[in-house]
Amino acid sequence: MPLPTPEEEKQAFHKLVNIESYPEFLPRANEIARAYLANVDYTQDELHTPGAAAPGTASRSLSFRLHILPCFSDEDIEVMKDFGLDLSDVNQVAARSRQILGRLKGTTGAIMPPADHDGPWPEEWIRTFERWINEGHAP
Ligand code: HEM
């Protein structure tokens, strides 16, 4: 399906933005739209590569302050202090990160946070926590 010539494209654009005045142009507009779509080269656009993230996002490393702390509610932090764990303290969370991960997954004891306290976390949050550990738990 051939693309319109530059001259035809100019006229087509005018008719399209004033389509109420050129209803007979609609079938041709459809043809041209299909021609454009058939000719798109998606490989030239990294945002359209299937499964690709925006440039730089996958390699960005995670930090406690920006990506982990906001997952803990004020209540989580207050309650867990009574059990000897300050979730707002990066050093304590880092030191017990594997145990905490086990609790977030519910594999090493009762799942945390409990269901009556807005738990469990969505899976993406848990994967993020795990990635934060594996990247060296930056503050
Ligand atoms: C080292 C990991 C953890 C341990 C050993 C632990 C242990 C406990 C224990 C023994 C309780 C009281 C009994 C119970 O309700 O089951 C509790 C309660 C609670 N924990 Fe944890 N926890 C851990 C991590 C976390 C994390 C990461 C969060 C939040 C993201 C959290 C949020 C809560 C909350 C909201 C309660 C309130 C229970 C209530 O008042 O009914 N905990 N935790």
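Bear in mind that the values in this text are calculations on the coordinates, not laboratory data. Treat the numbers as computed from the prediction; the structure is a model and nothing was measured. Virtual Cβ from ideal backbone geometry, glycine too; neighbours counted across all protein chains shown.
For this structure, a couple of remarks:
- Dipole magnitude for the chain: about 440 debye, using +1 per Lys or Arg Cβ and -1 per Asp or Glu Cβ, origin at the Cα centre.
- Whether region 64-134 is rounded, prolate or oblate, judged on the alpha carbon gyration tensor where a/c under 1.5 counts as rounded: rounded
- Farthest toward positive dipole pole in the chain [+1 Lys/Arg, -1 Asp/Glu at C-beta], among THR5, SER88, ILE133: ILE133
- Taking the alpha carbon gyration tensor of the chain, multiplying each eigenvalue by 5 and rooting it gives semi-axes of 56, 17, 13 Å, largest first.
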